[in-house]
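The values are calculated or read from the model by the stated rules, or taken from the named source; none is laboratory data. What you see is a predicted model, and the numbers here were worked out from it, not measured in a lab. FYI the Cβ positions are ideal-geometry reconstructions off the backbone, even for glycines, and counts take in every protein chain you see.
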Amino acid sequence: MTNSMRKRMKIVTAIFLLVVLAVTAKLGYEQLFHAQKLESGALNTRLREIDIKSSRGTIYDRNGNALAISIATDSVYINPKIVREADERQNIEKRQNKQDVIDSLATILELDTAEVAEKIEKNASFVYIKRHITDEQSEALKVLNYTGVYFLEESKRAYPKGTLASHVIGFAGIDNQGLNGIELQFDEVLLGTPGRFLIEYDGKGNEVPHAAESYIPSEPGSNIYLTLDETIQYVVERELKEVVTEQNANKATALVMDVKTGAIRAMGNYPDYDPNHYGDVDSSVWNNFAVNGLYEPGSTFKILTTAMALEERATTADEGFYCPGYQYIGKMRMRCHKAAGHGLESFAQGVANSCNPVFVTVSDRVGMGKFYDYLDAFGMTRTTGITLPGETGSLIVPEKSAVPYDLAAMAIGQSNAFTPLQMITAISAVANDGYLMQPYIVEKIVSQDGKTVTETQPKVIRQVISTDTSREASAILETVVSSGTGKPGAIEGYRIAGKTGTAEKVAETGGYSNERVVSFVGYAPVDDPQIACLVIVDEPTDAHGGSTAGPVFRQIMEDTLRYLEIPKTVTVTESTGVEEVIVPKLDGMHPVDAIEAIKQAGLTPIVETQGDTLLTYVPADGTKVQKTGNVYLYCADADSTTRIMPSLYGRTIKEVDRILSGMGLVATMNGSGLSTSQSILEGTPVETGTALIVEFHTAEEIEEIRRQEELIRQQEEAMKENQVNESDENSGGEIETEDAV
């Protein structure tokens, strides 16, 4: 070996030794200074991390009744590789057959066999078979003890009250995420802190048993207490379901609010749904119309117009007006719901009669600018800010483009659209000495250890009208219920303020359609308002706010007042603190003199039909009537045999007989109780001697009629279903749908 070769070998050897030394030094450095990092990295390559959703906090009503809870359930997952390897070893170990695993999983868990087979062939170490299985399914699989089939305990959302308050509570999805309602709005609060499930595998992909620190527990979320009262909510939903069913209505909504605080005691919509099975209904049913829907309120808005007019001194309760049945605004004419007109009436009577010409007149006096100022002050130009998802803002005619006819239409509750929540909030302000309250639905949030995280305090936004105006408006609105269009909302022993509403719906092609939205809103007791209630029924068969929404309001309010132990007063006279007076004798008087005599007696005259001769009046002379109560006058022209048919709705047989005989009309009266229908409509011109049929029913009979109608409806539906089934059988199982036709 030459010297040059030795020299090259030494150089190569030196380089090799340097490389080995460098690698060794690097390894030593990493082991000494990065050992923890390397260990962690190695562990991470062997671990599969699975998120464990935390148990969501419970949602309660204000009294601690659970409305949404979390329950522990098993979920089934597999390691496909282990399942397949067990099948390959089955001839030796006689452990299990892959097809048996597939069939068992599919049968017990009610899954498609092909779907399970596809999952077992996946190249993965963790695959869910089915989540949130029943206890029975879990027990059946655990007995089989298949290799590679595992169970993971997860939290599942449950709603023990079913459909109750479903639109408010909402629902959570399979991954424990809030998807609607309170569940969505407070998802982070309810969710808590997720945990982790760590599974360690060896180099061949087999699970390492008894791996250390393989489970990091989750921390449950906080609990939420709503302002809802379970009992009041139940009453609301019961009544909504009944009115939608009886009236074949499109839908119905109702809210009950604490006037003094703004707390929502009930918020219901029908049709409703069961959040335990939210996927079984069309997603449109999930919508909470009370906060996400818009409607034109119709005459219920006149409560706000009344408050504006009184506050601005645009009128007084006693100021006289004349209603001929219409009112001109420029060259355009707006009609009153009473075609023959209300004739002479005070402003208070105009409110009780829901007379459009009166409101057109006073809104013009308030003026365009002030009207919009009040819209803003009552909170009608913005969302309320309630903590529910998707609250909708109102649709209002822009002030810059509004013309006098727009003002007239807005004053009677048309042209502008609001949410039900905006309406009840504003009307509660009229009841609450003019103070507009911030509406709220969450009372408090409490952590799992019982500590109060946050608690909502009632918040005054502003005082919109004075206390005097509030009380004056309430006194007028009380007459709407005691003797005006709101009679169906009256509750014996309670002073109720309220207003009916019947509004035309906007057509898809523009303008208004023949469909109606009817409503009733009110509050009680008038002398110390506690509770306000708004009822809305969309497209009922009987499109009148009083006769359709009024009874729903009455039942909700009556049950609520009783439940809250707000005492009844003994008599109406004692509850109002007003004395009784006697109706004076008016026979032979000119209508003008009769009106003056009624006023002198401390009563309120209401001219039902116009003319220069007084034909009759009710109540009859000598009758004791609450002071400021109404006396109804029926007149006609002395030289005319034509009569205008009056409304007889809600009258006794004695009153109907006095009215019709005094007008020279003849009636066949069937039944007993109060008048429910007449064969000739109100406002129809007829000749003296004309005969009509008037039907009377007692409260029990009306209830029985409703029951019979419901029974007939159910029988018809059953017959239709049988016909469809027979058609199905005769056609070999194929039913031709309307769409197919």
Inset, instruction - Identify all residues within region 496-550 that are within 20 Å of the chain's Cα centre (by Cα), closer than 21 Å to Ala409 by Cβ and of a type in the set (S, T, N, Q); write none if there are none. - result: Thr500, Thr502, Ser519
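Residue-wise test of (1) under 39 Å from the mean Cα position of the chain (by Cα); (2) assigned to a strand (DSSP E or B); (3) not acidic (Asp, Glu).
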position: Tyr617; (1), (2), (3): no, yes, yes
position: Thr628; (1), (2), (3): yes, no, yes
position: Ser640; (1), (2), (3): no, no, yes
position: Arg643; (1), (2), (3): no, yes, yes
position: Pro646; (1), (2), (3): yes, no, yes
position: Val656; (1), (2), (3): no, no, yes
position: Ser675; (1), (2), (3): yes, yes, yes
Inset, instruction - Could you grab the pairs with beta carbons closer than 8 Å, sequence gap of 6+ or different chains, first residue in region 284-305 and free of Cβ contacts under 8 Å to residues at least 60 places away in the same chain and not assigned by TED's automatic domain parsing to the domain that holds Gly550, second one part of a loop (DSSP other than H, G, I, E, B) and of a type outside the set (Asp, Glu)? - result: Val285/Pro271; Val285/Tyr273
Inset, instruction - For region 150-180, name all the residues that are part of a loop (DSSP other than H, G, I, E, B) and farther than 29 Å from Lys241 by Cα. - result: Ile174, Asp175, Asn176, Gln177
Legend entry - Residues of region 275-303 classified as surrounded by fewer than 18 Cβ atoms within 10 Å (Cβ to Cβ) and touching a Pro at 6+ places or on another chain (Cβ under 7 Å), total: 1
Inset, instruction - Among the residues of region 123-142, write down those that are modelled with pLDDT of 85 or more and farther than 18 Å from Thr73 by Cβ. - result: Val127
Inset, instruction - Look at Gln422 and say whether it is in the same structural domain as Gly262 (by TED's automatic domain parsing) and surrounded by fewer than 23 Cβ atoms within 10 Å (Cβ to Cβ). - result: no
Inset, instruction - Run down Met334, Met308 and say which single residue is touching a residue at least 24 places away in the same chain (Cβ under 8 Å), in the same structural domain as Glu504 (by TED's automatic domain parsing), under 34 Å from the mean Cα position of the chain (by Cα) and in a strand (DSSP E or B). - result: Met334
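Could you tell me which residue of region 226-272 is modelled with the lowest pLDDT, considering only residues that are among the hydroxyl-bearing types (Ser, Thr, Tyr) and either crowded, with 24+ Cβ neighbours inside 10 Å or out of contact with any Asp or Glu (no Cβ under 8 Å at 6 or more places or on another chain) (or both)? Step through it out loud before you land on a result.
Step one: list which residues in region 226-272 are among the hydroxyl-bearing types (Ser, Thr, Tyr), which gives 227, 231, 234, 245, 253, 261, 270.
With either crowded, with 24+ Cβ neighbours inside 10 Å or out of contact with any Asp or Glu (no Cβ under 8 Å at 6 or more places or on another chain) (or both) added as a condition, the list becomes 231, 234, 253, 261, 270.
Values: Thr231: 91, Tyr234: 94, Thr253: 97, Thr261: 97, Tyr270: 97.
Out of the qualifying residues, it is Thr231.
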Inset, instruction - Residues being at pLDDT 75 or above and touching a Phe, Trp or Tyr at 6+ places or on another chain (Cβ under 7 Å): count how many of those fall in region 207-225. - result: 3
